[in-house]
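One structure is given below, encoded as structure tokens.
The values are calculated or read from the model by the stated rules, or taken from the named source; none is laboratory data. Quantities reported herein were computed from a predicted structural model and do not represent experimental measurements. In this analysis, Cβ positions are derived from the backbone assuming ideal geometry, glycine residues included, and neighbour counts consider all displayed protein chains.
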Amino acid sequence: MDESINLVLFSGTDDKLQAAAVLAAGAAALGKPVNIFLQYWALDAFTKAKIDADHGLAAEAGPGGREAVDALQAAGQATWAETLRQAKDLGEVDIEACSLSMDLLHLEESDLDPLVDGVEGVTAFYLNAGEGRIVFI
């Protein structure tokens, strides 16, 4: 089996979530297992109530970044959530919510979009990551 790719998502802005989704889809297409660990504001973006909302862009994107992202969307680029759904169709992609962040945000598992496979602690994430690389976004 190929070495896994492990993404820790902290940011909940659409540009960073899209970057993570593209990395996950690329790895899945290459047959690499992907583990995604959702913390804080990224986790909040994966709730049923907010997954399709506009989460804004990172401050460094500025007005030009907003224009570029809007142009890509107008041209038909898939949202980050759609890209992650496609990644799950392509290969082994596991998305887990951080149990501590669930407590912090007062979320129940039923609040999460079906893209999220479950809830785990950081120790379980590290065990699942094994010797694979960990990328923090």
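Remarks
- Among the residues of the range 37-44, some residue qualifies, meaning at least one is buried (at least 21 other Cβ atoms within 10 Å of the Cβ) and among the small types (Gly, Ala, Ser).
- If you go through the range 108-124 and keep only what is out of contact with any helix residue (DSSP H, G or I) (no Cβ under 7 Å at 6 or more places or on another chain), in a loop (DSSP other than H, G, I, E, B) and among the aliphatic types (A, V, I, L, M), you end up with just VAL116.
- Among the residues listed as LEU100, LEU104, LEU57, LEU23, the single one being in contact with a helix residue (DSSP H, G or I) (Cβ under 8 Å, 6 or more places away or on another chain) and buried (at least 16 other Cβ atoms within 10 Å of the Cβ): LEU57
- Each residue in the range 73-107 was checked for being closer than 22 Å to ASP54 by Cα and assigned to a loop (DSSP other than H, G, I, E, B), and 8 of them qualify.
- Residue list for the range 125-137, restricted to those being over 17 Å from the mean Cα position of the chain (by Cα) and part of a loop (DSSP other than H, G, I, E, B): GLY130, GLU131, GLY132
- Looking only at the range 1-31, and only at residues there that are among the charged types (D, E, K, R) and touching a residue at least 60 places away in the same chain (Cβ under 8 Å), the one that is farthest from CYS98 (Cα to Cα): GLU3
- Filter result for GLN18 (within 24 Å of ALA124 (Cβ to Cβ), of a type outside the set (A, V, I, L, M, F, W, C) and under 10 Å from the mean Cα position of the chain (by Cα)): no
- Qualifying residue in the range 71-84 (condition: in contact with a Gly (Cβ under 6 Å, 6 or more places away or on another chain), at pLDDT below 95, of a type outside the set (Gly, Ala, Ser) and exposed (fewer than 14 other Cβ atoms within 10 Å of the Cβ)): no
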